[in-house]
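Notes follow once the structure below has been shown.
Computed from the coordinates by the stated procedures, all read-outs in this text should not be read as laboratory data. Remember, it's a predicted structure, so these values are computed and weren't measured experimentally. In this analysis, Cβ positions are derived from the backbone assuming ideal geometry, glycine residues included, and neighbour counts consider all displayed protein chains.
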Amino acid sequence: MAILSSLRRRSAAVSVAAIAGATAVGVCLAVSSASAGTLSGSLYRDPSSAVVRWVAANPGDSRAAVIRDKIASQPQARWFANFNPSTVQSEVSGFIGTANAAQQIPVLAVYEITNRDCGGASAGGAPDLNQYQTWVSNFARGLGSQTVIIILETDSLALLTCLNSGEINARNQAISTATRTIKSGNPNAKVYLDGGHSTWNSAGETANRLRAAGVQYADGFFTNVSNYNSTSNEANFGRAVISALNGMGVSGKRQVIDTSRNGGASGDWCGDDNTDRRIGQYPTTNTGDGNIDAYLWVKPPGEADGCRYTAGSFQPDLAFSLANGAPNPPTTTPPTTPPTTPPTTPPTTPPPTTPPPTTPPAGDGCYASVAVNQWAGGFTASVTVTAGKSDINGWTVTVALPSGAVTSTWSAQASGTSGTVGFTNVSYNGRVLGRQSTSFGFQGTGTGPSTTATCATS
């Protein structure tokens, strides 16, 4: 586990542990529809986050309901901070695959730059910048082709006090190259660079650093990660940064703001002992501001800063303090993240994981197409089932696996695990209107299926 350490006027600690496997929490999720910014759609809630696991393991705790309803219910960033070039592609691909199948936008925080945190409590990252680029290349290969949000290297541009001019230039080049590598791996990736926050560097200085690090290749910048500055102050700061960038000939850039803990008092960086702070704006892409693409929870609420508790550890009393008395989240509920709790009604629009077939079936029946994310030793597959000209009331898709076996399935029931495997609809996605689509997914070992499959109606 790594953290973001304390420095004066800096951001606080975040957990970046890769987390696997958890029981989901059946609560409402924040809904986000497009408004003003360039992002559209609801954000992905990670069913394996530390807070979700805590709620599942402590149903009798008096704090659990508040933490469940106001924090565990919400989409938060997944941090990638372990130097693991041989496995990062598969980790990213698995995470992206489940988010795609859920028809939601995942948020990934990359925290791997060499000499991160200037050797402070979060010291680490790639051993050198060449190895950093290797890691980033492997990371980018797992991103798929749908919309993802990348928070690229928190504090990497706002905190440069430990670097000489040559090292600053090398870091700028590394971040610029990383941005282009990620964009090449997934042209639909939305990449944001480090903009610090409104009480750190000036807007002009921030714009200078962003331009030097290649923000012209990115979608914009992020601010307030782990900090407590109000959303209005961050938005004003962001507008000043954008104006300064425009004056440098860098136009069209937008901001995302971390609102995970800015609903109360600001001031001292450490939140472990401060009971006056609350969660801020719930995560959404519906910002109502043309300069702001999203309000995000990059820093997971309830994870310690390192003053009273071990930095990055989930602490239920901190989570309860942030959530207790905070407003309730939006009550409209989108489909819950598979493979945990399926939605009760079928999706009303075709899923974004795989585009509809270019030539839909001319007659009755159904058609299946497969998108595969393959890595060494495993894969995830997202399957789109499209009805012909007439409605269908049940379907079975058959795929052939060249090798290996299916290890998990969501939004379908599998018959068999290897060789020729059949997948049958579940209760909520069997009915598909004519020319419309639904989807399911599965993960396995070995080599994934081809991009075509056989579909039959029930």
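Potential lengthening of the chain between ALA212 and THR420 amounts to 69.6 nm, from the contour at 0.36 nm per residue minus the alpha-carbon distance.
How big is Rg to Rh over the range 366-457, alpha-carbon atoms, Rh as the Kirkwood inverse-mean-distance radius? In the range 366-457, Rg relative to Rh is 0.97. Bridge orientation summary for the range 395-457: considering DSSP beta bridges with both residues in this region, about 100 percent are antiparallel. With 33 Å as the cut-off, how large is the P(r) tail for the range 50-323, expressed as percent of Cα-Cα pairs? When all Cα pairs of the range 50-323 are counted, 17 percent exceed 33 Å. Note on TYR367, TYR282, TYR217: ascending count of other Cβ atoms within 10 Å places them as TYR217, TYR367, TYR282, the fewest first.
Rounded to the nearest 0.05, the FRET efficiency derived from the C-beta distance between GLU167 and GLN413 at R0 = 45 Å is 0.25. For the set LYS190/LYS389; LYS183/LYS299; LYS190/LYS299, the pairs lying more than 27 angstrom apart at their alpha carbons are LYS190/LYS389.
Computed on the range 118-204, with alpha-carbon pairs under 8 angstrom and 6+ residues apart, the relative contact order is 44 percent. Over the range 111-203, all Cα pairs binned in 5 Å intervals from 0 give whole-percent P(r) values of 3, 14, 23, 25, 18, 11, 6, 1, listed from short to long. Counting Lys +1, Arg +1, Asp -1, Glu -1, what net charge surrounds ASP258 among other residues with beta carbon under 10 Å of its beta carbon? Surrounding charge for ASP258 is +1.
In the range 181-238, the alpha-carbon atoms span a convex hull of 86 Å³ per residue.
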